[in-house]
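Remarks on the structure that follows.
Please treat every number below as a calculation from the coordinates, not as lab data. Quick caveat: nothing in here was measured; it's all calculated off a predicted structure. Note: ideal-geometry Cβ built from the backbone for every residue, glycine included; neighbour counts use all protein chains shown.
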C-alpha cells in the first residue's frame, strides 16, 4: 500500500493557490493557470501508483476504484452545482441562466471540457470570466482519463513491465506532439480536450511506474527539487493569457511537478520540508474544495460588478469566502464521505446516491434550460424592459467574413454596382447600419467584408492568434483588397476597426483581455506591443497609397468610446434586477488617453490626398458618452454599438463629414 506523503498534499497547495490568485486577478500570478497542470501530474501519479500496486498485489477491483472516485469527487461537486444553480436563480438573466444550466448538465456527464470548447470562444477570452462553471473543464479531463486508463492498465500489467512503460511512454510522446502541433493552430481545442492533455497525466503515470531512476545522491535530489519548484514559480509569474498554452510552454510546470514528486519519493529535501509544512499541507487538503468553490464565487461577483477586473476589496473578499466555503465543504462533505461516517454505506448505496444526485441535479438543470432560464422569475414588465433594450432590427449578417460579395445595403436599385466598400473587423459590422443609412441617402450600394478580430491590414497578423486564424484573416484581407482595386466602380473605401486594441496592444482591464501585438508577417513571433503604433501607421499609409494609386478614396472611421464596464449587461441588470446604473458615465476626458495615439495615427494618414479621418468620440461625448436613449441600448457590450446605436449616434456624424467630401464621390453610381 502506498505510504502517505505530506509533500504531495503540499504540492496540491502549490497548484491551487496560483489558480485562485490568478482568477482573482492578483498581480504577480498572471500564469497561475498552470496550477491545473500541476494537478494533472499529481492525479496521474497517484491514480497510476494506487491502481498499479493493487494490480500487482492481485486486489484491484474496477468497481472499488470507481467507488473511491465517487466518494472523492461527487459529494462536493454536487453541493457546488446546487449552490451555483441557486445563485443563478437569484443573479443571472434568463439567457445566462440557461447557458449555465447547460454547462451544469455537461459537468454532471464529465464532458464540460467539450462544452466549453464549443461555447466559450477560448479559455482566455474575457467573456469566459462570467461563466460560473468554467473551471469544471479540468475535472472532465481527469474523469475522462480515469475512465479509460485503468482499463488500459489492466491489459498492460498482464503483458509485463516493458509493455506498460512502452505504451504509457508512447501515449505521452504522441499527446505532447499533438499539443505542440495543435496549440498554435486550434488553441481552444488544445487547451480543453483530453488528447492534448493526456501527456501531463501520463508524466505522473510514468513516475508511478518508476521510469525515472530510483536512487540519487542527496545533492542531486536537492537540485532537482529546487529546479522543479523554480520551474513552477517562473511559469506562474512569467506566463499570461497570451502564452501559447499548452504545448511546449506546459513542459516547465509539468516537469517541475514531476521533479518534486520524484525527489520527495526518494528522501527528504529542503523543498520537500517546505511542502510538508503543516499550514501548506492543510491548504493542500482543502485544495479540491477550494478549486470547486473559488471560481463560481468569483464569476458571480463579476456578473454583479459587470467587470472582469475585481477591485482590490472584492479580490480579498472572494478569496476569503472561497477559503471559508472550502473549509466547510472539506469538513462536512468531503471528509465524511471519504472516511468515517459513510463507511457504513456500502458500494451499492454510494452508487445509488451518486445516481440520485446526478439525476436530481440533471433534472433541475434541464428544467432551467427548457424554461428559457426560468423567465417566470421576472414580471412581464421586467422582461419587456429588457427586450426593449435591443429591438430585433439588427443588420443582415450574410456577408460577414465573406469577401467579394455585394451585400444588400444602400438605396440603389437592384443590380447597381457598389460604389462604396466597407471593410474591417467586428467594429465594421457594428458601424455598417450607419454607413448603410448614409449610402441609402445617396442612392449607393455597399460592398461589405468583415471578420471579427481581423484588422484590415493586409500583410500583417496578430501575434495572439494561431496561424490558421491569421491565414484566414490574410486571405479575406487580400481578397477584399483585390476586389476593391479591380472594380473601377468603387470610389470610396471605409475602414472600421477597434483601432485602440491594435495600437495599444491591449483591451481594457475590465475585459480581462491578454496582451497581444500586430507584427510583420515575416516574423510573427517577434511581437513588441510598443511598436504597434508604428506598425499600424506604416500599414495604413501603404494601404492608402495603393488605394490612391487606383483612384480610390479612403475614409478612416475613428474609434467609438470604449466603456470600462459592460454597458448592455449593466442595463439588463437594471431592467431585470433593479440594480442601479453607475453614478457617473464616462466622459470625453476619460477616454482621451486611450484614444490619443490612435487618433494621432489616423490623423497622420489623413494628411495624404484622398484620405478622410472621421473622429467619433468628440461628437458623441459632449462631454458625457451616451450609452442609451430612453429604453434603447446604444452598446451591445463595452465597445460594440448596437444597430440602433450606430443609426442614431454615428449616421448623423458620417453624413455631416461626407456631405461635400470628396467632390468626385458625389457622382451617381453607374449600373452594371
With just the Cα atoms of the range 470-614, tell me how far they stretch along each of the three principal axes, in Å, largest first.
-> 55, 36, 29
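Could you list the square roots of 5 times each eigenvalue of the Cα gyration tensor of the chain, that is, the equivalent ellipsoid semi-axes, sorted largest first and rounded to whole Å?
Details: eigenvalues 541, 163, 96 Å².
Working through the eigenvalues yields semi-axes of 52, 29, 22 Å.
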If the label point is 7 Å along Cα→Cβ of residue 475, which residues in the range 152-194 have backbone nitrogen under 17 Å from it?
-> 185-187
Antiparallel %, DSSP beta bridges [both residues in the chain], to 5 = 35
Run the quick spin-label model on residue 624 and residue 335: label points 7 Å from Cα toward the beta carbon, then report their separation in nm to one decimal.
-> 5.5
Cα-based Debye curve of the range 163-202 sampled at q = 0.19, 0.21, 0.31 Å⁻¹ gives log₁₀ I(q)/I(0) of -0.47, -0.56, -0.95
Kirkwood Rh in Å, taken over all unlike Cα pairs in the range 6-377 = 21.2
Equivalent ellipsoid dimensions for the range 389-666 as semi-axes, Å, which come from the Cα gyration tensor, largest first | 28, 24, 18
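Convert 4 °C to kelvin, take the viscosity as 1.567 mPa s, use the Kirkwood radius over C-alpha pairs of the range 214-362 as Rh, and evaluate the Stokes-Einstein diffusion coefficient in µm²/s, rounded to a whole number. Kindly include the intermediate steps, with their values, before the conclusion.
On the way: Rh = 18.9 Å.
For these conditions, the coefficient is 69 µm²/s.
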For n ≥ 4 DSSP H runs only, could you compute -39500 (n - 2.57) per run for the chain, divide by its residues and tell me the 222 nm figure to the nearest 500?
-> -18500 deg cm²/dmol
Extension gain residue 607-residue 237, at 0.36 nm per residue separation less the Cα-Cα distance, in nm?
-> 128.8 nm
At the level of C-alpha centres, the distance separating the range 143-182 and the range 1-47, in angstrom, is 23
Mind listing P(r) for the range 200-287? All alpha-carbon pairs, 10 Å bins, whole percents.
-> 16, 43, 35, 6
Net length gained if the chain between residue 371 and residue 82 were fully extended (0.36 nm per residue, minus Cα distance) = 102.3 nm
For a footprinting-style exposure proxy, rank 61, 30, 449 by other Cβ within 10 Å, fewest first.
-> 61, 30, 449
Compute the whole-percent fraction of alpha carbon pairs in the range 564-669 spaced more than 16 Å apart.
-> 67
Acute angle (nearest 10 degrees) that the helix 312-329 long axis makes with the longest principal axis of the chain, alpha-carbon atoms | 30
With each label point set 7 Å from Cα along the Cα-Cβ vector, what nm distance links residue 53 and residue 655?
-> 7.9
On a 0 to 90° scale, report how tilted helix 347-370 is relative to the longest principal axis of the chain, with both axes built from alpha carbons and the result rounded to the nearest 10.
-> 10
Cα gyration tensor of the range 277-384 - equivalent ellipsoid semi-axes, whole Å, descending | 32, 26, 8
So how tilted is helix 251-264 from the main axis of the chain? Cα-based, degrees 0 to 90, rounded to 10.
-> 10
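Quick check on the range 389-666: of the DSSP beta bridges with both residues there, what percent are antiparallel, nearest 5%? Can you show the working numbers first?
Working: 9 of 29 bridges.
Around 30 percent antiparallel, to the nearest 5.
For 332, 494, which order do you get if you count the other beta carbons within 10 Å of each Cβ and list the fewest first? All intermediate terms of the calculation are to be shown ahead of the outcome.
Details: 332 13, 494 28.
The fewest-first ordering by Cβ neighbours comes to 332, 494.
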Would you mind putting 100-108, 436-444, 310-318 in packing order, based on average other-beta-carbon counts within 10 Å, highest first?
-> 100-108, 436-444, 310-318
